[in-house]
Amino acid sequence: MTRATTRKMTKPTSPKSQMSIGQPSDLKHSPQQRPRRASRLSRLGAISVGTLVATILLSQGGILGQSAAIAQATANISNQLANYSTNSQLIAQNADTPEPSEAETQAPATETNETEEESLSYGELLRKIDNGEVETVSLDQVNGVASVVLKADPSEADPQTVKIFANDKNLDLQERLQANNVDWDVEKATDNSAVTSFVTTAFIGMLIIFAMLMLLRKSAASGGGAMSFGKSKARFQMEAKTGVMFNDVAGIDEAKEELQEVVTFLKNPERFTAIGARIPKGVLLVGPPGTGKTLLAKAIAGEAGTPFFSISGSEFVEMFVGVGASRVRDLFKKAKESAPCIVFIDEIDAVGRQRGTGIGGGNDEREQTLNQLLTEMDGFEGNSGIIVIAATNRPDVLDSALLRPGRFDRQVTVDLPGYKGRLGILEVHARDKKIAEEVKMEAIARRTPGFSGAQLANLLNEAAIMTARRRKDAVTMLEVNDAIDRLTMGLSLTPLLDSKKKRLVAYHEVGHALTATLSKHANPLNKVTIIPRSGGVGGFASFLPKEEQVDDGLVSYGEIVDQLVVALGGRAAEEVIFGHDEVTVGASSDIQQVSRIARQMVTRFGMSELGSFALESENSQPFLGQSNLMGGGHEYSDELANKIDQKVREIAQTSLNKAIEIISNNRQLVDRLVDTLIEKETIDGDEFRDIVSEYTQLPEKVPAKIGS
């Protein structure tokens, strides 16, 4: 059995005093130690109050943080009260012990040291009982101690303290006491565990209830409904310091003129109201991605100097029902308080899509948000000074009620910039960059038809990064050309080392370049290369689209046919040079492009013998309210569908035959071009045309429109 001893502090005038096993020595009732019982109670109260305050402070975080904080605080309180419950019993047990006098507390230390050796272990107690050396034994089974008086001198001997089992597990000891005729009794002690358990449970429950009330009060004060989810997430600026002015916006002059009226109204509204004019309540910016819609909104905020609210359409949507509508109400409530002001909603198509277009007929939370938005926009009083500006690149999916006058009165189209627009954008973004004198912005603008403002800005930034990587002092035309290739074709990889694969790729790319050079209506060649690019591109031939094709979208029948011939030039070169059995899958994307364009010629453009009528619409999407046909259906008979497929095959085969004819008639020229391409890896358009002109006459092509 384990030997357990307990240090005992002797008191000469109190022979019957005893000390519990495991009880800290500072619980003895000396003058210096007695006040510590009150201090323990005070510390426990302070800890509990501190934990309560910490719980309330932690509840200022998110919903998940609130729950975690309450759980942690509750666990801490439970541990503290559990530890205190044990000590409270010991305090209650010694509460009736008389307080020692000052003389007692000043007893010599030598006397204490002498009596420390008189404590007994459980084994010594059993041996002394068997030897008849024990006079009386008093068992305290609640605290697990036994007070033993030996027969040596019962009148003066102090009782010995022995650790025993608690909770009535001392049957062996009691039987041995009876067998040896030792006087023994069991002290009756009060068990306060039930009271302590009740107090602990009640305190924890009150703490949780109080914390929940604080959370509910906080969420109700936010005005956002359930747990502040309904509060608007719009960013607010009293005086918008966007750092963007109209001078920083180039390439979209028409849109700038439309929006400058908005700034004039915010600065001088009397100019309009004096003659009865009403400023548009809403302005919808429409255009492809990257054309400067958000930039225009920033410029308006920077020029007007009025409060500016900005939010994304997706921020109205949450997982809880009614949150979107609540956020709309909260947004316009704040806007009315700050009028005159601007409310900018980016990507409004996330919340403004057409209603009643879903399949299934269930309630749509997005529709409730849109209904609230429609109500707020059309519920303003006249000339309230709140102007809603929204941006989207999908105007076709917006609900018609959102676009009607009174809500979005004006739609401003922000289209891809033309030659002059690209030139202006390049000049704006070149202000803060070191550009070499050899770099001509006009040449870059001609090479980038179809580029948006964001792409042009990224182009110059990529060129600047390449310049720093190559440790040059200024951006040259080499970095600009490499940046264009990287943005259009991907990252440049290590040149091919396999001579057979390298020659195969060279013939394929020369096939594209030669058919484009010898076709009258094809776009002029910019350059051809066999340097591989990321994305599985082994090489490429780039062309310069005509300006009118990009700006106006006007493409003639001859241009479409030559485009198909150029697309199949690579497959034609493989078949002529290597034979049908050696053709590769490198032309798979070209064939997909040919199939798509040929089908559009038959079903949409009316460029076939079937007739000049449209057999397929451009958009057939059931979730946009335009068609309820599920995938796989069409609007014509199966017989007509077979004729369409046959005509598509005829167009594709005719284009392939024409490409094969061009390659076969210029076999020697093809070998010369391939050898030069393998040697240099890249040939620009002018050099390529010079080599071709040595063998055959170049067709007269309509020069590309650069702009007036």
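The table that follows gives values for the structure above.
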{"item": "Qualifying positions in segment 262-299 - of a type in the set (A, V, I, L, M, F, W, C) and either in contact with a Cys (Cβ under 9 Å, 6 or more places away or on another chain) or farther than 18 Å from V412 by Cα (or both)", "result": "L266, F272, A274, I275, A277"}
{"item": "Qualifying position, being in contact with a strand residue (DSSP E or B) (Cβ under 7 Å, 6 or more places away or on another chain) and at pLDDT 80 or above, among G539, G579, G606", "result": "G539"}
{"item": "Contacts under 6 angstrom Cβ, first residue in segment 302-318 being over 25 Å from F246 (Cα atoms), partner among the basic types (K, R) and assigned to a helix (DSSP H, G or I), 6 or more apart", "result": "F316/R327"}
{"item": "Verdict on Q653 being polar (S, T, N, Q), loosely packed, with under 14 Cβ neighbours inside 10 Å and assigned to a helix (DSSP H, G or I)", "result": "yes"}
{"item": "Residue within segment 568-584 that is closer than 21 Å to F451 by Cβ and surrounded by fewer than 18 Cβ atoms within 10 Å (Cβ to Cβ) present", "result": "no"}
{"item": "Members of segment 547-598 that are more than 22 Å from I663 (Cα to Cα), of a type in the set (V, I, T) and assigned to a helix (DSSP H, G or I)", "result": "V550, I597"}
{"item": "Any hit, segment 300-312, residues being within 17 Å of R410 (Cβ to Cβ) and over 30 Å from the mean Cα position of the chain (by Cα)", "result": "yes"}
{"item": "Residue check, S588 modelled with pLDDT of 90 or more and farther than 30 Å from K420 by Cβ", "result": "yes"}
{"item": "Residue under evaluation R271, criteria (1) part of a helix (DSSP H, G or I); (2) closer than 21 Å to Q368 by Cα, criterion not met", "result": "(2)"}
{"item": "Pairs with Cβ under 7 Å, 6+ apart, first in segment 659-678 and in contact (Cβ under 8 Å) with a residue 12 or more places away in the chain and not assigned by the TED database to the domain that holds V576, second in a helix (DSSP H, G or I) and not β-branched (V, I, T)", "result": "none"}
{"item": "Filter result for the condition that a residue is of a type in the set (A, V, I, L, M, F, W, C), touching a Leu at 6+ places or on another chain (Cβ under 8 Å), assigned by the TED database to the domain that holds L398 and buried (at least 19 other Cβ atoms within 10 Å of the Cβ), over V286, V262, V249", "result": "V249"}
{"item": "Tabulated pairs, segment 276-296, first farther than 16 Å from L456 by Cβ, second surrounded by 19 or more Cβ atoms within 10 Å (Cβ to Cβ) and of a type in the set (D, E, K, R), C-beta under 7 angstrom, 6+ apart or interchain", "result": "K281/R407; G282/R407; L285/K293"}
{"item": "Matching residues in segment 599-616 - criterion: being of a type in the set (A, V, I, L, M, F, W, C) and in a loop (DSSP other than H, G, I, E, B)", "result": "F605, M607, L610, F613, A614, L615"}
{"item": "Number of the condition not met by A598 [criteria: (1) surrounded by 19 or more Cβ atoms within 10 Å (Cβ to Cβ); (2) over 23 Å from A652 (Cβ atoms)]", "result": "(2)"}
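The values are calculated or read from the model by the stated rules, or taken from the named source; none is laboratory data. Please read all numbers here as calculations on a predicted model, not as lab measurements. When we count neighbours, we look across all protein chains shown, and the Cβ atoms used for this are built from the backbone with ideal geometry, even at glycine.
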